[in-house]
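As structure tokens, the structure follows; a few thoughts come after it.
The values are calculated or read from the model by the stated rules, or taken from the named source; none is laboratory data. All of these numbers come straight from a predicted model, not from anything done at the bench. Because the Cβ atoms are built from the backbone with ideal geometry, glycine has one as well, and the counts that use them run over all protein chains shown.
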Amino acid sequence: MAHFGVVAPAFYSHFNALEALAGELVARGHRVTFLHRPDAARFIRDPRVGFHAIGAGTHPPGSLDASLQLAANPGGPLGLRRVILDMAAGTDMLCRELPRAIEALGIDALIADQMEAAGGLVAEGLGMPFASVACALPVNREPGIPLPVMPFGYEDSERAHKIVEGSTRVYDWMMAPHRRSIEANARRLRLSPRGALHDCLSPLVQVSQTVAGYEFPRRALPPHFHHVGPLRASNPRSDVSPLPEIAPGRPFVFASLGTLQGQRLALFKRISAACRQLDAQLLVAHCGGLDAAQERALERAGATWVCAFAPQQAALARADAVVSHAGLNTVMDAIAARTPILALPIAFDQPGAAARIVHAGIGLKASPHFSGSAHLAAQLRRLLDENSFATRLDALAGSVAASGGAPRAADLVEDALQLRRLPQPIQGVASGG
């Protein structure tokens, strides 16, 4: 059995998905250790999964919260540049610290989140096999396919292709600090030149939390790329509130903006007012972003129930619609539950996820900054009344159910890295020799 190291951005949603894959591998007899800055240890909940702290010199205990706050609210262009610089500093730290830790721990292979270049760079530099996992939208590039961070829909036309090309150039220009980090670390690790996330993916196996029917039409994904659907662990959070008693005969809406955006009181108030206009029951899960006084303010605005963490899959299974920031974890859970989505994309790959929601016909999108409660209510009314969303969700939910999730991802990783346990001979029957 192998010892896997896991390298991912220090975000709860990424650790949560990869922990599900780690748990599946541990159940098969492997050992799994996450490696990152000391503060990231708090994201690990499965006691079977290890964590090894590195980089305390540049990323000391207590520093992660500032990085998360910056990522959640970068503000204007200067704030966005600080986010990119912070991302580059994280890649530098991991590329510097990982080789020693890998050797000391006796790690055999890496599982590298697509959004952290260091995993692929270090694995290749050490001649170590590795798997790439897309916990967010895949970064694999393809002509005509908008980047995950772009809000554009898909269109196979010359005009649309020019928009994709132009927006990609702008994105690459903005990401120059991170490109320089990747280039410098590739040189230091004696690798061929490269400068972007999509240059750091595994040549052996790549898995994604998506399903093909949710994505824009893809024609150039490598043969070792696999859609496996959501990576979910069976162990629930200990701080999850129970699902409330939901009255029959009135619509029920679930609203969550994820672990980074849960502090957006004003946006939650507009969502609450919209649900009041519709006489809909609303459960808000703010993921610890609001205090008790703010929770009461949301109830006055129209929310029926407000909590830090709700049982998301159970809430989505019961909900008639979900209002979401379009984080991929919530999107995939909503598809599995056949729940139409009102997407309010805020940052990262959320604009691209929202564009794919509309393209797939499973929901609508609106501006989190400029949409008032009346517009949100009108969008929710469409989701509640129009049957076309349910039709498309039925088809995609079937794809999710058949995609395999964490068990299939573990199969693919074991097969690609030639680590699958051989079947044991039946007792009393000699094995071949």
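Ala409 versus (1) surrounded by fewer than 24 Cβ atoms within 10 Å (Cβ to Cβ); (2) in the same structural domain as Met115 (by TED's automatic domain parsing): which is the lone unmet condition?
Exception for Ala409: condition (1).
Residues that are crowded, with 22+ Cβ neighbours inside 10 Å, in contact with a Lys or Arg (Cβ under 8 Å, 6 or more places away or on another chain) and not acidic (Asp, Glu): does the stretch 148-167 have at least one?
No, there is no match, as no residue in the stretch 148-167 is crowded, with 22+ Cβ neighbours inside 10 Å, in contact with a Lys or Arg (Cβ under 8 Å, 6 or more places away or on another chain) and not acidic (Asp, Glu).
Would you check which residues across the stretch 33-63 are touching a residue at least 40 places away in the same chain (Cβ under 8 Å) and of a type in the set (Val, Ile, Thr) and list them?
Thr33, Ile54
When the residues of the stretch 64-118 are narrowed to those that are over 21 Å from Phe15 (Cβ atoms), without any contact (Cβ under 8 Å) to a residue 60 or more places away in the chain and among the small types (Gly, Ala, Ser), which ends up surrounded by the most Cβ atoms within 10 Å (Cβ to Cβ)?
The residue in question is Gly79.
In this structure, does Ser67 turn out to be part of a helix (DSSP H, G or I), over 28 Å from Arg187 (Cβ atoms) and not charged (D, E, K, R)?
No; evaluated as a whole, the condition is false for this residue.
Scanning for something at pLDDT 95 or above, assigned to a loop (DSSP other than H, G, I, E, B) and not acidic (Asp, Glu), does the stretch 81-90 turn up at least one residue?
Among the residues of the stretch 81-90, not one is at pLDDT 95 or above, assigned to a loop (DSSP other than H, G, I, E, B) and not acidic (Asp, Glu), which makes the answer no.
Can you tell which of Arg276, Arg264, Arg219 is more than 17 Å from Ala315 (Cα to Cα), of a type in the set (Lys, Arg) and crowded, with 19+ Cβ neighbours inside 10 Å?
Arg264
Can you report the number of residues in the stretch 1-31 which are crowded, with 24+ Cβ neighbours inside 10 Å and among the β-branched types (Val, Ile, Thr)?
Selection size over the stretch 1-31: 2.
Might you check whether a residue that is at pLDDT 95 or above, of a type in the set (S, T, N, Q) and surrounded by fewer than 17 Cβ atoms within 10 Å (Cβ to Cβ) occurs anywhere in the stretch 367-385?
yes
Quick check on this structure: which one of Val133, Val122, Val149 is assigned to a strand (DSSP E or B), of a type in the set (A, V, I, L, M) and under 25 Å from the mean Cα position of the chain (by Cα)?
The unique qualifying residue is Val133.
Could you look through the stretch 381-404, keep only residues that are touching a His at 6+ places or on another chain (Cβ under 9 Å) and in a helix (DSSP H, G or I), and pick out the one that is nearest to Ser272 (Cα to Cα)?
Ser399
Can you tell which of Ala310, Ala326, Ala347 is buried (at least 16 other Cβ atoms within 10 Å of the Cβ), within 19 Å of the chain's Cα centre (by Cα), on the phi > 0 side of the Ramachandran plot and in a loop (DSSP other than H, G, I, E, B)?
Ala326
Which of the residues spanning the stretch 273-307 are in a helix (DSSP H, G or I), small (Gly, Ala, Ser) and free of Cβ contacts under 8 Å to residues at least 60 places away in the same chain?
Of everything in the stretch 273-307, those that are in a helix (DSSP H, G or I), small (Gly, Ala, Ser) and free of Cβ contacts under 8 Å to residues at least 60 places away in the same chain turn out to be Ala292, Ala293, Ala297, Ala301.
Please determine, by comparing only the residues of the stretch 202-237 that are more than 24 Å from His359 (Cβ to Cβ), in a loop (DSSP other than H, G, I, E, B) and aliphatic (A, V, I, L, M), which one is modelled with the lowest pLDDT.
Selected residue: Ala233.
Within the stretch 358-366, can one find any residue that is outside any loop (DSSP other than H, G, I, E, B), buried (at least 18 other Cβ atoms within 10 Å of the Cβ), touching a helix residue (DSSP H, G or I) at 6+ places or on another chain (Cβ under 8 Å) and basic (Lys, Arg)?
Yes, because at least one residue in the stretch 358-366 is outside any loop (DSSP other than H, G, I, E, B), buried (at least 18 other Cβ atoms within 10 Å of the Cβ), touching a helix residue (DSSP H, G or I) at 6+ places or on another chain (Cβ under 8 Å) and basic (Lys, Arg).
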